[in-house]
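Below is one structure, written out as structure tokens; the observations come after it.
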Amino acid sequence: MELLIVEDDDAMASALAAAVVSAGHHPTRVARGADALLVHRTFGVILLDLGLPDMDGLEVLRKLRQVTAVPILILTARDDERSVVLGLRSGADDYLVKPVKLVELLARIEAVTRRAGRYSAATQKNIVLGDLEIDLERRVAARGSEELPLTATEFDLLALLAGHAGSVVTREQILDALWGDAFVASSRALDVHLTGLRSKLQRPGFIINVRGVGYRIEADPA
């Protein structure tokens with residue numbers, strides 16, 4: 001498994017990397033929170049220190065939770081109850097206080113990945129919502145026998161929303177998945193592609209705007 005270590009202390013980062021390598025994982029280390037926000041997409045687990053040089057680790061955690069459900073374990077010297085509660089309430093899957101026993105760390109990593117179902121998750125190939133069928137392998141969307149003339153970005157947007165049908169997908173999640181960075185200056189690109197997608201679908205009310213949050217497709221559209 002690819003594992004991201006967000007740790008500014010060189011000695012601690014080396015010890016963590018050696019531990020996860022011994023368990024068969026492939027670690028990558030970054031020392032700044034900003035770097036973690038840029039590279040997080042390719043990793044199955046994130047080990048996050050809170051005392052980072054450029055931004056507080058809890059802020060990094062909150063921003064990551066806007067765009068990813070990947071398991072995140074906090075490793076920190078902060079052992080006060082307030083920090084523990086804040087970390088877990090902000091979306092951490094586990095909270096370990098340094099110095100941590102490496103055997104315990106590996107056990108915690110295994111536990112959170114098992115809970116997340118990342119070893120057995122099946123890859124979905126088709127999504128069907130009423131008369132709309134989305135073929136993820138061929139990258140084709142059709143209503144009945146009519147293939148929709150979607151651009152590549154419109155298809156990706158539709159597949160993302162349909163893959164989470166019944167749940168809200170935030171604007172940050174969409175920007176991160178389609179453009180690679182949800183934390184740069186906002187762009188109207190999403191609004192333009194969304195308008196084009198809605199026009200081609202010709203299904204008013206199919207993509208619902210959840211004001212101030214994001215968008216949702218109903219799981220069982222009429």
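Which residues, taken from the stretch 139-162, are in contact (Cβ under 8 Å) with a residue 40 or more places away in the chain and either part of a loop (DSSP other than H, G, I, E, B) or on the phi > 0 side of the Ramachandran plot (or both)?
Leu148, Pro149, Leu150, Thr151
Exactly one of (1) open to solvent by 70 Å² or more (accessible area, probe 1.4 Å); (2) in contact with a strand residue (DSSP E or B) (Cβ under 7 Å, 6 or more places away or on another chain); (3) assigned to a loop (DSSP other than H, G, I, E, B) is unmet by Pro99. Its number?
Result: Pro99 fails condition (2) only.
Just to be sure, is His40 crowded, with 16+ Cβ neighbours inside 10 Å, of a type outside the set (Asp, Glu) and farther than 26 Å from His164 by Cβ?
It is false that His40 is crowded, with 16+ Cβ neighbours inside 10 Å, of a type outside the set (Asp, Glu) and farther than 26 Å from His164 by Cβ.
Got at least one residue in the stretch 193-208 being assigned to a helix (DSSP H, G or I), of a type outside the set (Lys, Arg), touching a helix residue (DSSP H, G or I) at 6+ places or on another chain (Cβ under 9 Å) and modelled with pLDDT under 90?
Going residue by residue through the stretch 193-208, those that are assigned to a helix (DSSP H, G or I) are 193-201.
In the following step, the residues that additionally are of a type outside the set (Lys, Arg) were identified as 193-197, 199, 201.
Filter again for touching a helix residue (DSSP H, G or I) at 6+ places or on another chain (Cβ under 9 Å), leaving 193-194, 196-197, 201.
Then keep just the ones that are modelled with pLDDT under 90; that gives 193.
Yes: the stretch 193-208 contains one or more residues that are assigned to a helix (DSSP H, G or I), of a type outside the set (Lys, Arg), touching a helix residue (DSSP H, G or I) at 6+ places or on another chain (Cβ under 9 Å) and modelled with pLDDT under 90.
For (1) within 22 Å of Asp10 (Cα to Cα); (2) hydrophobic (A, V, I, L, M, F, W, C), each residue gets a yes or a no:
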site: Arg32; (1), (2): yes, no
site: Leu37; (1), (2): yes, yes
site: Asp94; (1), (2): no, no
site: Ala111; (1), (2): no, yes
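Within the stretch 173-181, does at least one residue satisfy the condition of being open to solvent by less than 60 Å² (accessible area, probe 1.4 Å), small (Gly, Ala, Ser) and either closer than 30 Å to Asp35 by Cβ or modelled with pLDDT of 90 or more (or both)?
Quick first cut of the stretch 173-181, residues open to solvent by less than 60 Å² (accessible area, probe 1.4 Å) only: 173-176, 178, 180-181.
Narrowing further to those that are small (Gly, Ala, Ser): 180.
Those left that are additionally either closer than 30 Å to Asp35 by Cβ or modelled with pLDDT of 90 or more (or both): 180.
Yes; the residues of the stretch 173-181 include at least one that is open to solvent by less than 60 Å² (accessible area, probe 1.4 Å), small (Gly, Ala, Ser) and either closer than 30 Å to Asp35 by Cβ or modelled with pLDDT of 90 or more (or both).
Since Met1 meets every condition but one in (1) modelled with pLDDT of 95 or more; (2) over 22 Å from Leu178 (Cβ atoms), which condition does it not meet?
Evaluating Met1 over (1) modelled with pLDDT of 95 or more; (2) over 22 Å from Leu178 (Cβ atoms) leaves (1) as the failure.
Look through Leu58, Leu75 and report the one residue that is open to solvent by less than 10 Å² (accessible area, probe 1.4 Å) and either out of contact with any Pro (no Cβ under 8 Å at 6 or more places or on another chain) or not hydroxyl-bearing (Ser, Thr, Tyr) (or both).
Leu75
Just to verify a result, which residue in the stretch 85-96, among those that are assigned to a helix (DSSP H, G or I) and in contact with a strand residue (DSSP E or B) (Cβ under 7 Å, 6 or more places away or on another chain), is surrounded by the fewest Cβ atoms within 10 Å (Cβ to Cβ)? Steps first, answer last, please.
The initial filter retains those residues of the stretch 85-96 that are assigned to a helix (DSSP H, G or I), namely 85-89.
Narrowing the set further to residues that are in contact with a strand residue (DSSP E or B) (Cβ under 7 Å, 6 or more places away or on another chain) leaves 87-88.
Numbers: Gly87: 22, Leu88: 13.
In this case the residue turns out to be Leu88.
Determine the pairs where a residue that is over 15 Å from Asp56 (Cα atoms), located within the stretch 75-94, has a partner that is open to solvent by 20 Å² or more (accessible area, probe 1.4 Å) and among the β-branched types (Val, Ile, Thr) with Cβ atoms under 6 Å apart, the partner being 6 or more residues away or on another chain.
Listed pairs, sorted by first residue: Asp79/Val97.
Inside the stretch 11-29, can you point out the residues that are open to solvent by 40 Å² or more (accessible area, probe 1.4 Å) and of a type in the set (A, V, I, L, M, F, W, C)?
Scanning the stretch 11-29 gives Ala11, Met12, Ala15, Ala18, Val21, Ala23.
Which condition number does Arg108 fail, the rest of (1) modelled with pLDDT of 90 or more; (2) touching a Leu at 6+ places or on another chain (Cβ under 7 Å) being met?
Result: Arg108 fails condition (1) only.
The values are calculated or read from the model by the stated rules, or taken from the named source; none is laboratory data. None of these values were measured; they are calculated from a predicted model. No Cβ is skipped: glycine too gets one built from the backbone with ideal geometry, and neighbour counts run over all protein chains shown. Side chains included, ligands, DNA and RNA excluded: accessible areas come from the protein's heavy atoms. Shrake-Rupley method; radii C 1.70, N 1.55, O 1.52, S 1.80 Å.
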